[in-house]
Amino acid sequence: MRKLIFLFFIGVFISLSSCRQDFVFEPSTGDLKFSRDTIYLDTVFANIGSSTYTLKVYNKSSKDIKIPTIQLGKGQASKYRMTVDGMTGENNRVFHDVEVLAKDSMYIFIETTAGISDANPTDFLYTDQIQFDSGANFQKVELVTLIQDAYFIFPNKTNGVIEQIPIGFNEDGTVLETNGRNLSNNHPDNGDEYLFKTDKPYVVYGYASVPNGETLTIPGGARVHFHADSGLVIQQGGSLNITGSTSSTTALENEVIFEGDRLEPGFSDVPGQWGTVYLRQGSASQITNLTLKNAIVGLLVENNAGLMNITDTQIYDCSNYGILTYNGTINGKKVVINNCGQFCLAAALGGDYNFTNCTFNNNWSSSKQLAVYVSDYLKDATPEILPLVQANFTNCIIYGSNSNEIILEKRGPESDFNKLFQNCLVKINVTPGSASVANPFLYDAIRLEQNGNKINKTPNFFDVNKNNLIIGEDSFAKGMGIDAGIPFDILGNPRVSPYDVGAYNFIIFPAD
């Protein structure tokens, strides 16, 4: 009997619980709290969608409330869009009777896509408000976005088919293509696309192609932004001429800058935002004072019969390689490469290379990353082995976070593998043992120490995490170089004896 009475009371309790009334929501009294009173959506390019920004709205009262309206101040005409706790409302711009429980909160996500004509003509700002309720209970959060105009380069589309350009050949000889188009001498919007302007930046969608017989010239001060899966291709017989010069401020006002098209500060050092600058077989290039950031592969160089000169150039935060070259011909002076997912410099299938006063450093968070890789071999290539005519490194720093930052992989005859490290500071694993394919660098450790090089000594960089590879007064790279015929460092400071190695002269770091 007692058990039956007990079960009876449990049943009554459950039935009473299941019959509780719905929440009673009272009108909002205008006491909402916000995570921010103004949302700055950073800078966006004209007619390019922004990132999504978040506003958190708090009901700190002890009552469940209902907000009669949440809307954008410009209503359906606003260039902003939002969702409120996952709801889309009326075209993502107007919401009615939004409920918030006591002591609870909700999320509003905001985006924008606006043109330059939508912005204030004096400061290029596009503004609006998120408005909560009206009358005496009215509250608001300001929205501010800077709209930047640009020259846009994108492939044409015909009957839904996107224009394609060649980027190589498949194993069976068929042509490989990707989204892109050849640049134009007389584009209706951009004018002569083979001579970039500096009055506003360029934004590239797909791959911009420089065909046979054409030269793309990019002067100092130009800014080029690449969308995801985009880049630049210099075809056989085409040329790239980048003519930046030394800048006097950290704004790099005289340099050419290649980077992704996400302008928010949080994307400034995010790797892999765009594709590559692809210098195909038979192309030529002269690159001076280029800063290239956030690519998958910074420069991809393929069998370039013509000499590639690259001077006073910085390559940072590439998800795979800073420079990847197959049987290339490169003369590099004062090149700085830092923080790459695989190799800062990877030179495969032989080639002809001279690097002088360069700095290759790799602190990527991986046990397999390297600063420099040189090989005469490439699997599945035809042929798989080609001579390394020369790989000369003079007054260079080759360093990073792993115990070894250089691999020399030789598969062909010793006579066809010509390399020289002269007065370089190199981080290398010198564990005793015989050279092998797995450990090809071991046979060079002793010879490295015989050419004025220093092994496993700190370069004392200023801040590798911020891509500042200037060396300090305590650097072992200080004064250990030779006169290599380079009168200035990458910042334009005179080089004097005793010569520092790497791209920078040493400085005395400011006190903390």
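Here are some notes:
- Once exposed loop trypsin sites (Lys or Arg not before Pro) are cut out (DSSP; at most 13 other Cβ, 10 Å), longest piece of the chain: 104-367
- Karplus 3J(HN,Hα) series, Hz, for region 490-501 with 6.51 cos²θ - 1.76 cosθ + 1.60 (x for Gly, Pro): 5, 8, x, 7, x, 8, 10, 6, x, 7, 7, 9
- In the assembled protein chains, Ile508 presents an accessible area of approximately 120 Å² (probe radius 1.4 Å).
- Computed from backbone phi with θ = phi - 60° and the Karplus coefficients 6.51, -1.76 and 1.60, the 3J(HN,Hα) list for region 264-270 is 5, x, x, 9, 4, 10, 7 Hz; x is used for glycine and proline.
- Accessible surface calculations at 1.4 Å, restricted to protein heavy atoms, place region 162-307 at 41 Å² per residue.
- Pairs exceeding a 22 Å alpha-carbon distance, out of Lys457/Lys478; Lys334/Lys454; Lys334/Lys457; Lys368/Lys427; Lys379/Lys427; Lys293/Lys466: Lys379/Lys427.
- Simple point charges give the picture: +1 on the Cβ of Lys and Arg, -1 on the Cβ of Asp and Glu, and for the chain a dipole about the Cα centre of about 1220 debye.
- Accessible area (Å², 1.4 Å probe, nearest 10) - His187: 40
- For region 198-215, putting each phi into the Karplus relation 6.51 cos²θ - 1.76 cosθ + 1.60 with θ = phi - 60° gives couplings of 10, 6, 7, x, 9, 10, 10, 10, x, 10, 7, 10, 10, x, 3, x, 10, 10 Hz, in residue order, rounded to whole numbers and with x for Gly and Pro.
- Long-range amide H partners of Phe152 with built H, under 5 Å: Val203
- Antiparallel content of DSSP bridges confined to region 94-240, in %, to 5: 50
- Accessible area per residue was computed with a 1.4 Å probe on protein heavy atoms; Thr288 scores about 50 Å².
- Correct choice for semi-axes √(5λ) of the Cα gyration tensor in Å that was computed from the model, options (1) 41, 26, 23; (2) 54, 30, 24; (3) 53, 23, 21: (2)
- Excluding the site residues themselves, the longest part of the chain lacking any GluC sites (Glu not before Pro) in a DSSP loop with at most 16 other Cβ atoms within 10 Å is 1-162.
- Sulfur and carbon atoms: percent of accessible area, the chain [1.4 Å]: 52
- Nearest 10 degrees, 0 to 90: helix 2-18 Cα axis against the chain principal axis: 80
The values are calculated or read from the model by the stated rules, or taken from the named source; none is laboratory data. Predicted, not measured: the structure shown is a model, and the values here were computed from it. As a convention, Cβ positions derive from the backbone with ideal geometry for all residues, glycine included, and neighbour counts pool all protein chains shown. These accessible areas exclude ligands, DNA and RNA; they are computed on the full protein's heavy atoms, side chains included. Shrake-Rupley method; radii C 1.70, N 1.55, O 1.52, S 1.80 Å.
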